[in-house]
1. Looking at the stretch B:17-44, which of its residues are open to solvent by 30 Å² or more (accessible area, probe 1.4 Å), in contact with a helix residue (DSSP H, G or I) (Cβ under 7 Å, 6 or more places away or on another chain) and outside any loop (DSSP other than H, G, I, E, B)?
2. Out of all the residues in the stretch A:161-174, is one or more β-branched (Val, Ile, Thr) and touching an Asp or Glu at 6+ places or on another chain (Cβ under 7 Å)?
3. Would you say residue A:30 is surrounded by 14 or more Cβ atoms within 10 Å (Cβ to Cβ) and more than 7 Å from every other protein chain (Cβ to nearest Cβ)?
4. What are the pairs, 6+ residues apart or on separate chains, where a residue within the stretch B:172-198 that is within 11 Å of chain A (Cβ to nearest Cβ) has its Cβ under 6 Å from a residue that is basic (Lys, Arg) and open to solvent by less than 40 Å² (accessible area, probe 1.4 Å)?
5. Test each condition in (1) facing chain A (nearest Cβ under 7 Å); (2) under 24 Å from the mean Cα position of the chain (by Cα); (3) more than 16 Å from residue B:300 (Cβ to Cβ); (4) open to solvent by less than 40 Å² (accessible area, probe 1.4 Å) for residue B:96 and report the one that comes out false.
6. Enumerate the helices (runs of 4 or more DSSP H) found wholly within the stretch A:165-259, keeping only those where 2 or more residues are out of contact with any helix residue (DSSP H, G or I) (no Cβ under 6 Å at 6 or more places or on another chain) and away from every other protein chain (no Cβ under 11 Å).
7. Just for the stretch B:335-358: of the residues that are more than 7 Å from chain A (Cβ to nearest Cβ) and open to solvent by 10 Å² or more (accessible area, probe 1.4 Å), which one is farthest from residue A:174 (Cα to Cα)?
8. Give me the pairs: first residue in the stretch B:63-80 and at the interface with chain A (Cβ under 7 Å from one of its Cβ atoms), second residue basic (Lys, Arg), beta-carbon distance under 6 Å, and six or more apart or on different chains, which are they?
Amino acid sequence: MSKKVYPYIPNSEASVQAEMLKFIGVDSIEELIADIPEDMRMKRAMKLPEPFCDEAGLARHVGAMLGKNKTARELVCFLGAGCYNRYVPAVVDEVAGRSEFLTAYAGEPYEDHGRFQAMFEYQSMMAELLDMDVCNVPSYDGGQAVGTALRMAARIARRKKALVPRNVNPDTLAVLRTYLQPDVEITYVDYNSKTGRICLDSLKEKLTEEVAAVLVMNPNFFGIIEEKAQEIADMAHAKGALMVAYVEPSTLGLLAPPSQYGADIACGDIQALGLHMNYGGGVAGFIATKDEPRFVDEYPSRLFGIAPTSEKEWGFGDVLWERTSFANRDGAKEFVGTHAALWGIAAGVYLAAMGPQGMRELGEAVVQRLGCLKKALSGVKGLSFDRFSGTPFQEAVADFSESGRTVAEINEKLLERGILGGYDLGKDFPELEGCMLIAVTEQTSADDIKALASALDEILA
Amino acid sequence: MNNLERMKRFHQAKWNEPIIYEISEPGARAVLVPGPCCECTSAEEAVASLPSAMLRKESPKLPEVAQLQLVRHYNHLSQENIGVDGNIDIGQGTCTMKYNPKVNERLAGDAKLSEMHPLQPEGTAQGILELFYRTGELFKEISGLDVFSMQPGGGSHGVLALASIVRAYWRDMGEENKRDEIITTLFSHPADCAVPIVKGYKVTIIQPDAEGYPDIEAFKAAVSDHTAAIFFTNPEDTGIFNVRIKEFTRIAHERGILCCYDQANANGLLGVTRTVEADFDMSFFNLHKTFGAPHGCGGPATGMVAAKKELRPYMPVPLVEHSPEKGYYLDFDLPKSCGKIKSFWGIAPVVVKAYSWIMSLGAEGLREVSRVAVLNNNYCMKKILAIRGASISFPNHRPRVEQARYSWQKLKEDTGFGTADVQRCVADFGTHYWSSHEPWVIPEPFTIEPSESYSKQDLDDYTAVLAEIARMCYEEPEAVRRAPVNSTVHHIDHDYFDDPAKYAITWRAYNKKYKGYFEPR
């Protein structure tokens, strides 16, 4: 039998190998790895499943497995909680799928000029959305972004404590906790059980001279706008602490950007800016600040800057390369590596495609649908939206505790009717047992809302 | 015309592409947003219900472009960027640039995955959970380890996961405060040094001995009861396989120290030797490097973490498990876990691509990947070392595994041109070259990693380009000084990147600092 052909390995051909070995001056490839000690060798072939050598077989196998999933496109989706079922314009996929972007890597300005410019433009558009002058190349996700933002704040303030409100996303908080350990200590600030917003009394009590930063998530995990954000920033600043705002960037066509209520550092996740949910894999973090060395010097991430060339073109390169762990491995402030640059390019395309008017309309479409949802569900017996009085933006807390049913039961019944119900808040907030976080996006239709209302009518009857 | 002559005639796409703000036209739109879903609530009414102080006063200054103009802009930018699909990408050593099969891209981009919400009930996510689980099963054999997490978003993030597991382990052992040091080596990846510092460890760096191996005597002197773990890359970024690696792990284990293997450079080892044969307790693998997922201009990626079963309690939550009753599920029940490393469950599309890549090759194919990666590397090495002015680090040590770190020190001494000059020249030949990351203890370094994807002709062409540039350095210094001339842009003034008064990280910062073309305000 002839040797297998490997479509991805051109030099697997025997005569080519023989020619190359002859050039090197050895008889076999084994001679080239002869120094790997015998007692470290695998003594047998790896036992892996039979491969699908032909592409058709592979596509059938993987396709069949993924076919077992039920997607938010097949179901009606009311899940949010940090990942949003937004429409991704075709132009975004078109650009992010271009193999020149997809298969490039770290690159150098002379060969990969386009990548540098695309990232510079992403940074520029994010900066406008956030009303800041500096924004980084995307980090892994919002969790890491807020972790880094608080670490930056700790270094700037030369203090070791971060105040974190209890109304932040628990998934983000879990990442944040891993990221801050062991050098930055988290102190929790309560939320107000009536409004759902940060409790200012609790904040006042915890806000000491040891606090480096106060975190505000806006809108917070309950979907509620932290409308006292300026007051919180003033309280933080009065104690010499920074204010870090974790914001949902897709809301900022309509809502005030964080700089306008006193945030020193803005951070968050760009998933909602034109990235597919990808079962949670469409995430990437951003950090933005003022253009002052005390902030810029503290970024661990790559920052692409603009520069002149000898022929008066736009040139690009890494700003303050020596800051990064690529340049300064044991002296860096944090670390940098392969993060999520392609998602940054995609989000840049999204922002340019939407423009100022599109981002405003997106915000309007979302709040309009949330209003419609609350109206449509107002007649459902045993359900109320009165748990919190704060104003929600794109998701709202639905309280089913009067219905005698658990959220899990309700969600199960909804799923039987093809509806992905909301997030069960009782899992992370025992005091919110019976409450569900229901999200809408611009993709939510009147029919979707009607379907949810009539399904709930049936289930709770 | 031979290939070198052909490559000399290369000219990269040059569009003098404006910054997107320069093509903005007021009122232009590339996409429209759905209007109200029904008439029961108007957008105005809904907006009026929001706290007015929190409404945006002025629209964000985003560009306004119609769809064709937007597509054209980004297509121009993509053409000014070459990537693996456009060039012989072997000059980006330590990164394992290889071909990324198109079918995998299609599979990972399918709506059956892309439109899934991470918090969907597990019953509706059996396909992707099964794929995560099966990928772990494949890695049991590839690494010899027992438990897996696909959460980390890249190699450095994998190192963060390892360092977090180390901390969780020593906390559980009651020695978190005593075990406060981590040992790494000079030629391990920068993250192996930078990440442990973030996790609060003191880091000791073992220098190489004369042969390029981490100095074992220095290591013996460095280990103590304060050592929490060792973080070793093997083969190191020099392409040298540490043949004494088991002695290091033995010495460490005698003192109870955890051993963490950085397998970012594993492309030459598949099916030859594994994490378990080197007696490491944990390791990470880059699914976007060795396992064929594309690099996406710097991510999204996956730095999958693997460990021995004894360390399962400390792994990041959740782990993907399977039982006959529950099917595939997310297991959060690890009370001693190091916590969560990443949002949700990791970058599922990258896992799909890596799974598909492994399943298209099988055991024999993976072995062939490594055999050819090693062959290609040693073939290149012989060609490069024949070039005037080029030399290799630790010259007594040959062959190398999957890559090698070279030096233009002789070229620099002879001609005054070093690795940065070569880099500018390479851009004129339609291919890519990188000058290596730290440590720059090897003077004028460059790192070449041919991987298995490139043909003999590719390797001949690439090394011929390096030889031609070396010749130019000796014989045509003016041409070297002028380079690049065929690239998208000419010589960039790097002074603009380190001076706060001059750097501009966004277009608005540029406009605040400059009036016309870099004319200070």
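1. Residues satisfying the conditions are B:21, B:23.
2. No; the residues of the stretch A:161-174 include none that is β-branched (Val, Ile, Thr) and touching an Asp or Glu at 6+ places or on another chain (Cβ under 7 Å).
3. no
4. B:190/A:329; B:193/A:329; B:194/A:329
5. Answer for residue B:96: the failing condition is (1).
6. Result: A:200-206, A:229-238.
7. B:353
8. Close Cβ pairs satisfying both conditions: B:78/A:98.
The values are calculated or read from the model by the stated rules, or taken from the named source; none is laboratory data. Given the structure is predicted, the values throughout are model-derived calculations rather than measurements. We place every Cβ from the backbone using ideal geometry, glycine too, and count neighbours over all the protein chains shown. Only protein heavy atoms, including side chains, enter the accessible area calculation; ligands, DNA and RNA are left aside. Shrake-Rupley method; radii C 1.70, N 1.55, O 1.52, S 1.80 Å.
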